[in-house]
Amino acid sequence: MTSKEGVPVSVERLMQLRWNPLTDVFVEGMRSPEPKSKFLFWFVMLEELEKCEEFTRLFSPLFTPAQASTILDITSSVLDSGAQNRIQQFFKALGVGVLCIPE
C-alpha cells in the first residue's frame, strides 16, 4: 500500500498534538508491509475509537430514519428475510426508527 496524497504539516500543528497509545498502533499499521497486518492494526484502532465518547458524538446518529429506510428498500430485493430482520435489528440497536421491513 502506498499513499498517493500528501498532507502538509506545519510546526504549529505538530506542537498541538498529544500522545495517545493509539498513535503507536497507527504507526505500526503504517509500517507493516503486509495488508493483513495493516488491517489488524487499524481494526484495533477502530475498536478502541468506538469506545470513546468523542467518537460516538461524531457519528450520532449514524443513520437518519430516511437513510435506514432507503437501505432496507435497496437490500430487500437481494437479501432474504432473515438478513433483512438482522439489518432492521441493527437499526433498532442504533436507535434509528424504521417502521417496517419493505416487502
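The values are calculated or read from the model by the stated rules, or taken from the named source; none is laboratory data. Predicted model only: the values in this text are computed from it and were never measured. In this analysis, Cβ positions are derived from the backbone assuming ideal geometry, glycine residues included, and neighbour counts consider all displayed protein chains.
Among all residues of region 59-74, there is at least one that is assigned by TED's automatic domain parsing to the domain that holds Gly95, hydroxyl-bearing (Ser, Thr, Tyr) and surrounded by 14 or more Cβ atoms within 10 Å (Cβ to Cβ).
Residues in region 38-92 that are more than 29 Å from Leu22 (Cβ to Cβ), part of a helix (DSSP H, G or I) and without any contact (Cβ under 8 Å) to a residue 12 or more places away in the chain: Ala66, Thr70, Ile74, Gly82, Ala83, Arg86, Gln89, Lys92.
Scanning region 16-37 for residues that are in a helix (DSSP H, G or I) and closer than 23 Å to Cys52 by Cα yields Gln16, Pro21, Leu22, Thr23, Asp24, Val25, Phe26, Val27, Glu28, Gly29, Met30.
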